[in-house]
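Report on one structure; see the data block that follows.
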Amino acid sequence: MMQQTPRVGRQSAIRIFANEYRDASLPEEGSGEYDPSFIITKIGAKINRALVCGVIDRVERREGENGPNYSGHIRDPTGTHLFNVASFQPELHPDFEELMARYETGDRFLLALVGKARWFETEDGGIFTSLRAEEFSIIDKECYTNWLVQTADATLRRIDAHSSSLESDLNPAALEAAGVPSDLVDGLILARGHYGDFDSEAYQVGVLQALSIATGRTNVIETEAEDAPTLEQSTTDAPTPQAPSEPSDAVETIIEIIRSRDTGQGVDYNDIVAALVNAGHSREDAEDAIDSARDQGEVMEPRFGFFQLVPE
Amino acid sequence: MAEEGRYAAQVTIVKQECPDADEKEVVEEFRRYEEEFLIPPEDALRSVVRKFQAATGIELKQIAKPERAEKKVDRFSDLDADDRNVTIEIAVISYTPRVQMVRGEERQVAFGWIEDNPWQPGDQRERWDFKDWGEKAENLAPGSIVRLEGASVNEWNDKRSLNINRTTRVTVLKEGGAAAVQISDEPSSIADASQREGFVNLVARLISSKPDVIVKRDGSGQLDVFRGRLGDSSGTISFLSWVPLEHEAGTVLKIDGASIRKFRDTPEVNIGDRTRVEVFHDSAFVSMEDLEQSNKVSISELRNGMRDIEVTVQVESWESRSFVSDDGTERVVRSGDVMDPTGRCRLTAWCETDPSRGDFLHLTGARVQYWQGSPDLVIDDAAQITNLTDAPWEPIDPEVHWVEIDLTSVVSGGSRRGISTSGTVVAVRPDSGIIERCPECRRVLRDGACGEHGPQRGEEDLRLRFVIDNGVSNASLLLSKDASEAFLGTDQESIKKEISAGSSADFVASLRERLIAKRLIVKGRSIVDEQGAMLLADDVEYDATSAHDAANEVIQHWGVIL
């Protein structure tokens with residue numbers, strides 16, 4: 001009568017804004033060979049697969065030992081998602097090459113991307129989240145706006161569940177009694193056990209922006225699309241101490257690292273270097289980029305070897 | 001001597017433990033174990049040592065490494081694959097009970113996750129699987145922190161887990177939530193019992209009970225059993241009793257130590273010779289009249305394996321077909337499509353009945369079996385059917401009868417027909433487009449060959465395969481030729497031309513461009529099983545809800561102030 005454990009079904013694609021995913025630092029690795037792994041966000045999204053959309057913002061090809069691989073950013077109202085296409089996904093390469101060609105002509109466009117959660121862990125346990133593309137497609141503004149609304153809805157649902165969990169015991173029965181939807185119970189228990197206090201207000205901001213766009217109160221998308229080349233322009237104009245290392249990309253990565261990892265003590269120099277190296281920069285270039293980011297006032301070093309963002 | 005040399009290693013150990021033992025006798029003993037008992041010397045070592053310890057008057061003691069000595073550790077990483085008497089403090093993450101046959105006996109076991117270093121946050125812990133052989137459910141509630149004494153490490157396929165045995169002591173250090181399952185003497189409600197498998201105690205009213213026989217598969221005869229239904233205020237459930245159950249319908253029974261098993265998709269109480277059944281007196285217990293009501297189900301509630309249900313349907317179509325059965329007699333089976341306000345299904349009748357389109361039928365004692373993955377109501381006797389003269393609802397127009405149901409309910413429910421649901425496309429399967437089917441069995445050919453019938457000249461067909469997803473649940477979506485042509489606004493020939501002009505990868509890329517991240521409304525039927533949910537579409541269209549309207553709905557639902 002030994003029952004077979006049912007095969008784990010396909011994981012659903014979580015709708016998530018870039019800032020919530022970027023802030024996440026809790027991976028949960030499946031124990032068995034075929035068990036899925038997850039990234040758990042501060043408000044309890046348990047992400048194995050995500051559906052994200054936004055303006056394409058940088059794409060890059062690298063020649064690796066096993067063939068080319070690609071990475072890129074897509075920007076939504078809250079920040080950027082980092083994604084990649086691995087060398088072992090040759091079926092996606094032709095489409096991505098086409099996308100890159102279009103990007104390189106200076107064209108910017110909206111992209112929808114279904115991806116699997118990935119993370120990179122630095123030596124001291126810092127976590128960097130990204131997505132490995134499974135499906136992607138250029139979409140129109142209407143489709144993007146629909147995604148914004150769906151993602152706003154999904155984010156509000158998580159914020160609501162998270163605040164319900166604050167007044168409840170952290171076990172499945174109590175959480176469900178407190179009105180937490182069953183698909184969020186697991187993630188919330190793990191998130192509450194891992195993350196310290198924080199203000200979920202930060203995630204409201206993205207929701208409000210998304211809903212404002214959808215109801216026509218503002219038109220951020222248009223400006224964003226127009227902004228992209230301008231942004232490119234301004235960074236190209238910046239002094240470039242190391243031409244081949246694309247320091248603009250590095251500086252942005254540095255800012256992101258610090259933003260996502262600084263708990264008030266600053267972020268260790270070595271961690272930033274490690275993250276940059278992982279993102280494809282040479283160690284030398286990484287060190288130069290950190291120096292130039294500090295010299296240009298992008299980041300500050302309040303005590304030796306620890307970096308923080310410059311307060312705005 | 002060769003013979004002695006053969007056991008030299010083992011003999012040396014025995015000599016260490018029992019210096020007075022005669023070496024020849026020891027060798028002879030190993031030879032006996034090997035030749036007469038078929039036990040190789042390595043495995044016989046313990047027995048042989050014990051024998052000579054006793055024979056030479058040495059106090060019986062542990063030999064070799066003291067395996068049963070307590071090993072107290074803080075972290076899983078400190079454990080070895082063969083540690084048998086482990087003391088460790090752990091946090092219980094999950095606990096899933098299950099009934100399993102152990103040496104011919106039904107035992108409640110459980111498995112789940114535990115983490116070491118339980119007083120530290122999750123990122124400083126390691127997670128292992130565990131198996132509970134000792135029915136420790138009460139002390140292993142998820143969320144609790146416990147000390148285990150006498151647990152053992154199990155290594156299988158290079159993966160380690162912890163066994164909690166009958167002899168393991170479990171001390172709760174910090175209470176968790178409610179125990180996952182009570183193995184107490186308290187009776188469960190039928191609604192709770194239906195949610196799990198394993199042993200239960202029930203207090204329930206016997207709604208019906210009749211003798212039945214089960215013919216053994218191996219042809220060795222048949223077993224007399226009793227089948228029927230039990231009910232309490234929370235619901236009803238069918239039972240199968242392997243022992244005579246001759247109480248009158250209407251009697252309230254206290255049933256201790258029955259087990260819940262699933263027959264197809266439907267839970268069922270099993271009563272065996274170790275189950276205690278006695279009459280229970282409770283004048284306040286839910287009445288027979290109220291319980292009879294609860295057999296009534298709607299089409300949306302049908303599950304494979306249900307028996308003895310009552311349902312009212314409207315007939316959409318009806319036909320009869322005759323065939324020659326295995327024993328050579330000609331038989332007639334009648335069947336048709338039927339509906340109610342919650343959906344559609346098939347109805348099969350093994351008796352003479354010829355309703356007309358639009359008739360309302362009230363069925364009693366019906367059973368449900370799956371036909372092509374969808375529930376099919378089955379009637380064996382015309383007496384089970386009443387043709388209603390009073391319409392129970394406004395006649396339904398079958399052309400527009402689609403019951404709207406959200407994707408999560410589709411995925412978590414049973415297989416249904418006549419539903420409309422929606423979701424966003426998150427994957428376009430690369431085998432979408434023109435395929436070749438085996439002319440014998442309609443299976444899709446791979447490299448021109450059928451898995452069953454070998455190389456074939458295939459018949460071309462068109463189909464599209466997507467995955468739709470609402471952020472919580474997902475389902476595969478399959479469009480047959482007709483649905484694909486209607487959805488794409490083109491026909492199979494044009495698609496074939498398009499593919500031969502480019503490649504099938506181009507065609508799939510064009511589908512991606514049109515579909516990824518788009519919301520679809522799908523009408524058709526669902527097949528839900530252990531693999532997940534599949535939607536077979538009759539009709540697919542883009543969701544035309546504007547983002548503006550959707551946003552206002554979100555704003556209203558969550559009370560957002562912009």
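Nothing in this text is a laboratory measurement; each read-out follows from the coordinates by a stated rule. Since the structure is predicted, the reported quantities are computational estimates derived from the model, not experimental observations. For neighbour counting, all protein chains shown are included, and Cβ atoms are generated from backbone atoms with ideal geometry for every residue, glycine included.
Key figures for this structure:
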item: Region B:360-486: relative contact order as a whole-number percent, Cα under 8 Å and 6+ apart; result: 19
item: Per-residue Cβ neighbour rank within 10 angstrom, fewest leading, B:Phe111, A:Phe96, A:Phe83; result: B:Phe111, A:Phe96, A:Phe83
item: Relative contact order computed over region A:93-134 (Cα-Cα under 8 Å; 6+ residues apart), in percent; result: 32
item: Average beta carbon contacts from partner chains per residue of B:540-552, 10 Å cutoff; result: 5
item: Relative contact order (%) - criterion: Cα under 8 Å, at least six apart; region: chain B; result: 6
item: Two-site label geometry, B:Cys351 and B:Asp218: point separation in nm, points 7 Å out along Cα→Cβ; result: 3.7
item: GNM result for chain A, Cα springs below 10 Å: residue of A:Ala178, A:Ala50, A:Ala18 fluctuating most strongly; result: A:Ala178
item: Region B:437-494-region B:233-252 distance, computed between alpha-carbon centres (Å); result: 47
item: FRET efficiency, 1/(1 + (r/R0)^6) with R0 22 Å, evaluated for A:Asp262 and A:Val205 via beta carbons; result: 0.75
item: Principal-axis tilt of helix B:504-515 within chain B, Cα atoms, nearest 10 degrees; result: 80
item: Packing rank of B:363-370, A:100-107, where each peptide gets the mean count of other beta carbons within 10 Å, highest leading; result: B:363-370, A:100-107
item: Theoretical FRET efficiency, 1/(1+(r/R0)^6), r = Cβ-Cβ of B:Glu248 and B:Glu23, R0 60 Å, to 0.05; result: 0.20
item: Computed [θ] at 222 nm, deg cm²/dmol, chain B (DSSP H ≥ 4; -39,500 (n - 2.57); rounded to nearest 500); result: -5000 deg cm²/dmol
item: Antiparallel %, DSSP beta bridges [both residues in region A:35-164], to 5; result: 95
item: Sum of -39500 (n - 2.57) over DSSP H runs of 4+, divided by residues of chain A (222 nm, nearest 500); result: -13500 deg cm²/dmol
item: Sorted by Cβ neighbour density within 10 Å, fewest at the top, the residues B:Cys450, A:Cys53; result: B:Cys450, A:Cys53
item: Dipole moment magnitude, nearest 20 debye, region B:523-562 about Cα centre, only Lys, Arg, Asp, Glu C-beta charged; result: 100
item: Taking all pairs of distinct alpha-carbon atoms in the protein assembly as shown, Kirkwood radius in angstrom; result: 32.5
item: Full-extension gain in nm, B:Ser320 to B:Ala382, via 0.36 nm per residue minus C-alpha separation; result: 20.9 nm
item: Added length on full extension, which subtracts the Cα-Cα distance from 0.36 nm per residue, A:Ala101 to A:Asp124; result: 4.5 nm
item: Estimated distance in nm for a label pair at A:Asp35 and A:Ser163, the labels positioned 7 Å out from Cα along Cα-to-Cβ; result: 3.4
item: Rounded tilt (10° steps) of A:220-237 against the dominant C-alpha axis of chain A; result: 40
item: Burial order of peptide ranges B:208-221, B:318-331, A:150-163 (average beta-carbon count within 10 Å, highest first); result: A:150-163, B:208-221, B:318-331
item: Computed magnitude of the charge dipole of chain A (debye, nearest 20; Cβ of K, R +1, Cβ of D, E -1); result: 1000
item: Cβ neighbours within 10 Å from other chains - mean over A:91-98; result: 1
item: Rounded to the nearest 20 debye, dipole of chain B from Cβ charges on Lys, Arg, Asp, Glu; result: 760
item: For region B:289-331 and region A:269-310, distance of Cα centres in Å; result: 72
item: Per-pair calculated FRET efficiency, R0 = 51 Å: B:Glu175 and A:Ile255 via Cβ, rounded to 0.05; result: 0.70
item: Cβ neighbours within 10 Å from other chains - mean over B:426-432; result: 3
item: Spatial separation of Cα centroids for region B:113-164 and region A:161-210, in angstrom; result: 26
item: B:Asp43 paired with B:Ser412, simple spin-label distance in nm, labels 7 Å along Cα-to-beta-carbon; result: 5.0
item: 0 to 90° range, to nearest 10: angle between helix B:492-501 axis and chain B longest Cα axis; result: 60
